[in-house]
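Below: one structure, written as structure tokens.
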Amino acid sequence: MSTHLADTCLAPSAPPESFARGLIEGLGQTPKEIPCKYFYDQEGSALFDAICALPEYYQTRTEVALLRRHAGEIATAIGPDAEIVEFGAGALRKVRILLDALDAPRGYTPIDISGAYLREVVRLLAADYPALAMHPLAADFTLPLQLPPLSGATHRAGFFPGSTIGNFRPNAAMAMLRRMREMLNGGGLLVGVDLVKDPQILHAAYNDAAGVTAAFNKNLLARANRELGAGFDLDAFAHYAPYNPQSQRVEMYLVSQKRQSVTVGGQCISFAAGEAVHTEDSHKYTIESFREMTARAGFLPRAVWTDADRLFAIHWLESR
Ligand code: TRP
């Protein structure tokens, strides 16, 4: 049976030059930072997949359980003959729950910055859903982006799970929601969001005992060594990820353990002892604060599904 696999859109959109530029620019700033989108090369995507299976990382299993429990209601909200557009698609595991519940899903457009990883997982999904028109896009969804025209579907529905929205500052998150609303062209958006909660639970989720999150954070440096021939000593940097309960976000850093200089793409970058590189934030929202933000971005917040422990929420947003 033929799979409608349009892999022509799979040109890698984040070539090494852009990583080099982003890295050198970020490390040249005071305070230093590395944009979090560079986490996700093939290695980083695999490490993130391992994070999702950690006992401390409650987010993934809670969201998956919510999707399963409410798949029927979600399918009704999305409606028949839809094309699903997934932002930051990762391992393509969660969408299977939607696809299995939906009435005649027509197409699937997974967007992910990691082209090599996307190509691999799309092959697996396409084999299981041979009638689904696949339009994978290896792209940075934070940049303006043209979706392929609808084919066979009557409308689009966006899918943005994993609390990825929390990895953007509230202003940037709102701007992105607006752009997604335009891209979806009247279609709704299903968003998974991590909730504000006990700081200890949040702290554990980003500081796992097995050190997978630390390895994921340090993969930025490992990637620079692999792709740019940089000279980072991974043992000379520490993963530090405290939850700030007033700004309601986990702040991720790589902290230089000593005074050192590292060559990155021909540039010499100096680190003071104890100097931190900011690598990511993970903002947490209450159900109310998230609904308010999406309304300001022009959506009409409708149903919300949450677990009994109020760890995680899935929001269904309609377009005005
Ligand atoms: N969207 C995920 C989150 O904020 C991303 C993430 C989880 C992450 N663990 C991480 C990013 C560790 C960097 C480091 O929960």
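For the stretch 290-320: of the residues being among the small types (Gly, Ala, Ser) and without any contact (Cβ under 8 Å) to a residue 40 or more places away in the chain, which is most open to solvent (accessible area, probe 1.4 Å)? Give the derivation first.
To start, the set of residues in the stretch 290-320 that are among the small types (Gly, Ala, Ser) comprises 295, 297-298, 303, 308, 313, 319.
Narrowing the set further to residues that are without any contact (Cβ under 8 Å) to a residue 40 or more places away in the chain leaves 295, 308.
Details: Ala295: 36, Ala308: 105 Å².
Of everything passing the filter in the stretch 290-320, Ala308 is most open to solvent (accessible area, probe 1.4 Å).
So Ile111 passes all but one of these: (1) away from the ligand (no atom under 16 Å from the Cβ); (2) crowded, with 22+ Cβ neighbours inside 10 Å. Which condition number does it fail?
Exception for Ile111: condition (1).
Between residues in the stretch 107-130 that are touching a residue at least 24 places away in the same chain (Cβ under 8 Å) and residues that are charged (D, E, K, R) and in a loop (DSSP other than H, G, I, E, B), which pairs lie under 7 Å by C-beta distance while being six or more apart or on different chains?
Matching pairs, first to second residue: Ile113/Asp140; Ser114/Asp41.
From the set of residues in the stretch 43-54 that are open to solvent by 20 Å² or more (accessible area, probe 1.4 Å) and not in a loop (DSSP other than H, G, I, E, B), which is nearest to the ligand (Cβ to nearest atom)? Full working, then the answer.
Within the stretch 43-54, the subset open to solvent by 20 Å² or more (accessible area, probe 1.4 Å) is 43, 46-50, 52-53.
Right, trim to not in a loop (DSSP other than H, G, I, E, B) and you get 43, 46-50, 52.
Numbers: Glu43: 14, Ala46: 14, Leu47: 9, Phe48: 7, Asp49: 11, Ala50: 10, Cys52: 8 Å.
Per the stated criteria, the residue is Phe48.
Can you tell me which residues in the stretch 62-91 are in contact with a helix residue (DSSP H, G or I) (Cβ under 8 Å, 6 or more places away or on another chain) and either surrounded by fewer than 21 Cβ atoms within 10 Å (Cβ to Cβ) or small (Gly, Ala, Ser) (or both)?
Of the residues in the stretch 62-91, the ones in contact with a helix residue (DSSP H, G or I) (Cβ under 8 Å, 6 or more places away or on another chain) are 63-64, 67-68, 71-72, 74-75, 78, 84-91.
Residues satisfying the conditions are Val64, Arg68, Ala71, Gly72, Ala75, Gly88, Ala89, Gly90, Ala91.
Starting from the stretch 55-73, keep only residues that are within 10 Å of Phe312 (Cα to Cα) and more than 12 Å from the ligand (Cβ to nearest atom), then list their pairs with residues that are open to solvent by less than 30 Å² (accessible area, probe 1.4 Å) and assigned to a loop (DSSP other than H, G, I, E, B) whose Cβ atoms are within a distance under 7 Å, requiring at least 6 positions of separation or different chains.
Leu66/Asp307
Restricting attention to the stretch 252-271, and to residues there that are over 20 Å from Arg21 (Cα atoms) and open to solvent by less than 20 Å² (accessible area, probe 1.4 Å), which single residue is farthest from the ligand (Cβ to nearest atom)?
Here the residue is Ser256.
Which count do you get for residues in the stretch 164-177 that are open to solvent by 20 Å² or more (accessible area, probe 1.4 Å) and within 16 Å of the ligand (Cβ to nearest atom)?
6
Across the stretch 178-214, what is the total count of residues that are in contact (Cβ under 8 Å) with a residue 60 or more places away in the chain, more than 19 Å from Leu98 (Cβ to Cβ) and within 10 Å of the ligand (Cβ to nearest atom)?
8
Looking only at the stretch 28-42, how many residues end up being part of a helix (DSSP H, G or I) and either at pLDDT 95 or above or more than 14 Å from the ligand (Cβ to nearest atom) (or both)?
At the first step, the residues of the stretch 28-42 found to be part of a helix (DSSP H, G or I) are 36-39, 42.
Restricting the remaining residues to those that are either at pLDDT 95 or above or more than 14 Å from the ligand (Cβ to nearest atom) (or both) gives 42.
Counting residues in the stretch 28-42 that are part of a helix (DSSP H, G or I) and either at pLDDT 95 or above or more than 14 Å from the ligand (Cβ to nearest atom) (or both) gives 1.
Within the stretch 153-163, is even one residue modelled with pLDDT under 95 and open to solvent by 10 Å² or more (accessible area, probe 1.4 Å)? Give the derivation first.
So in the stretch 153-163, the residues modelled with pLDDT under 95 come out as none.
No, there is no match, as no residue in the stretch 153-163 is modelled with pLDDT under 95 and open to solvent by 10 Å² or more (accessible area, probe 1.4 Å).
With respect to the numbered conditions (1) open to solvent by 50 Å² or more (accessible area, probe 1.4 Å); (2) away from the ligand (no atom under 15 Å from the Cβ), which one is the sole condition not fulfilled by Ala236?
Result: Ala236 fails condition (1) only.
The values are calculated or read from the model by the stated rules, or taken from the named source; none is laboratory data. Not measured: the values here are computed from a predicted model. A quick note on method: Cβ atoms are made from the backbone with ideal geometry, for glycine too, and the neighbour counts reach across all protein chains shown. Each accessible area value is taken on the protein alone, full model and side chains, heavy atoms only, with ligands, DNA and RNA left out. Shrake-Rupley method; radii C 1.70, N 1.55, O 1.52, S 1.80 Å.
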